[in-house]
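What follows draws every value from the coordinates through simple rules; no lab data is involved. This is a predicted model, so every value here is computed, not measured. All Cβ positions, even for glycine, are placed from backbone atoms using ideal geometry, and neighbour counts span all protein chains on display.
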Amino acid sequence: MIRRPLTALIRPGEPPPGLRDYEAADGYAAVRGTLKDLQPGDVIDRVKEAGLRGRGGAGFQTAMKWGFVPQGEDAPRRKYLVCNADEMEPGTFKDRYLMEGNPHQLIEGMILAAFAIGAEVAYIFLRDEYPLAAKRLRAALAEARDGGHLGKDIHGSGFNLDIHLHISAGRYICGEETALLNALEGKRAVPRAKPPFPPVAGLWGKPTIVNNVETLCYVPHILRHGAEWFRGLGKGRDGGTKLYGASGRVRHPGIWELPMGTTMREIIEDHAGGMREGYRLRGVIPGGASTDFLVPEEHMDLPMDFESVQKAGSRLGTGTMIILDDKTCPVGMLRNLQLFFSRESCGWCTPCRDGIPWIEKTLAAIEAGDGREEDIALLHAHTRLLGPGRTFCAFAPGAMEPLQSALRYFEDDFRRHITEHRCPYANGR
């Protein structure tokens, strides 16, 4: 039985499988079987039994999310499925790998998800910086239509679906699903007030499900091989595999499909090859730039699953680690991240619009040797003032996660910058 389903057909450096090769590997078999033998509720039940959790960052139960969509005679007839392929989280490149490597897998997953919620129109919301993914998705969508997998009365089932590729103008805030929906409608990409939530009132006010690329790619495999098989792929309570990544001064930065719950040690030492010669591991941002640092002294043998990472004080997020080594200035690293967040803020609420740029300026002063002792307390205060419940959406609280954990684990580095009036990493430690 296949143990790494998402990447089985991906050959790095080679073109993705076309329709004929994908079908030869049982591609679209789940679509044919599902549309012939199952009802939408059956699909939701099987995904629920599998325990599939969203791989975009939040880890919400996928089937539960689908179940929020109104069904029955009184439900709105027009419903939408949207694939969030914006992927602007720093350090994250897993969805790009899937779209470039096997676009038919995503299309099949979208067909099944759309059938489950009763959507006849779907969109792939893709960031503009992914031109190769766009090219390959367009080609695969055309092949799927010509092969009878999209369009009217798919395989004689009475189910209709077309998928449209939307190239985004960008902005990190589009990773927030309601800001994405505003952008898709041609509006300013700012978050919406909730409730109502998108499954009830989303795109153009109609029921809408927004799922991540990696999440959707698992659906065909669950329906083809079964929920028990999927649960058995994981090492703990969370079933399935996960695309884990590592960037920074490791020997072999990259991405790997591994059992959910693989330890940080195995990912870094076995798959990423450990640290480069002359560098020592100091910290890890485990799931993209908006997650709290973990440190090797406490967390190397931590299973990289949703609950374990949360209990350790961080979030699994996208599962793509950013590595901090002992010759990189943590203040400079934090300043770089906060500069990104300050530029990407949508400006909708004051704490985020004004607070993050203030933090970036404070960190720039500390890094340059112009910091003051009271700046440490100021930074601590901002992690609370921009924390959960203080802003319109989760953008600013996410930006505070690496800062608050860096102050916890690396505060001595901040103080050295202030007391020595210089960056101690400027010419090596």
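Structure values in brief
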quantity	calculated
GluC sites (Glu not before Pro) restricted to DSSP loop in the stretch 199-301 with at most 11 other C-beta within 10 Å	Glu277
Longest to shortest principal axis, alpha-carbon extents of the stretch 270-313, angstrom	33, 20, 18
Cβ charges +1 (Lys, Arg) and -1 (Asp, Glu), total dipole of the chain, debye	420
Sparse-neighbourhood loop sites, GluC sites (Glu not before Pro) in the stretch 321-429 - DSSP loop, at most 15 other Cβ within 10 angstrom	Glu373
Pair Trp358, Lys235: separation of 7 Å Cα→Cβ label points (nm)	4.3
Charge-dipole axis of the stretch 96-219 as Lys and Arg at +1 and Asp and Glu at -1 on Cβ define it, positive-most pick from Leu203, Gly158, Ile117	Leu203
Loop GluC sites (Glu not before Pro), the stretch 1-110 (other Cβ atoms within 10 Å of the site Cβ: 10 or fewer; DSSP)	Glu73
Rounded D (µm²/s) - the stretch 241-325, Kirkwood Rh over Cα pairs, Stokes-Einstein at 20 °C, 1.002 mPa s	175
Computed magnitude of the charge dipole of the stretch 19-233 (debye, nearest 20; Cβ of K, R +1, Cβ of D, E -1)	440
Lys/Arg +1, Asp/Glu -1 at C-beta; the chain dipole; positive extreme among Leu324, Gly236, Phe392	Phe392
Under 28 Å from the Cα of Lys36 - lysines, other chains or at least 8 residues apart	Lys48, Lys65, Lys79, Lys152, Lys206
Dipole moment magnitude, nearest 20 debye, the stretch 212-340 about Cα centre, only Lys, Arg, Asp, Glu C-beta charged	240
Tensor-based shape of the stretch 330-420 (alpha-carbon gyration tensor, a/c under 1.5 rounded, otherwise prolate or oblate)	prolate
Under the Debye formula (equal points on every Cα, no solvent term), log10 I(q)/I(0) of the chain at q = 0.09, 0.10, 0.12 Å⁻¹	-0.57, -0.70, -0.99
For the stretch 241-325: relative contact order, % (alpha-carbon pairs under 8 angstrom, 6 or more apart)	37
Dipole of the chain [Lys/Arg +1, Asp/Glu -1 at C-beta], most positive-end residue of Pro253, Ala179, Met300	Ala179
Potential lengthening between Phe197 and Glu129 on full extension [0.36 nm per residue; Cα-Cα distance subtracted]	21.6 nm
Shape category assigned to the stretch 19-233 from the gyration tensor of Cα positions, a/c cut at 1.5	rounded
Hypothetical label at Arg265: residues of the stretch 289-314 whose amide nitrogen lies under 20 Å (7 Å Cα-Cβ projection)	294-314
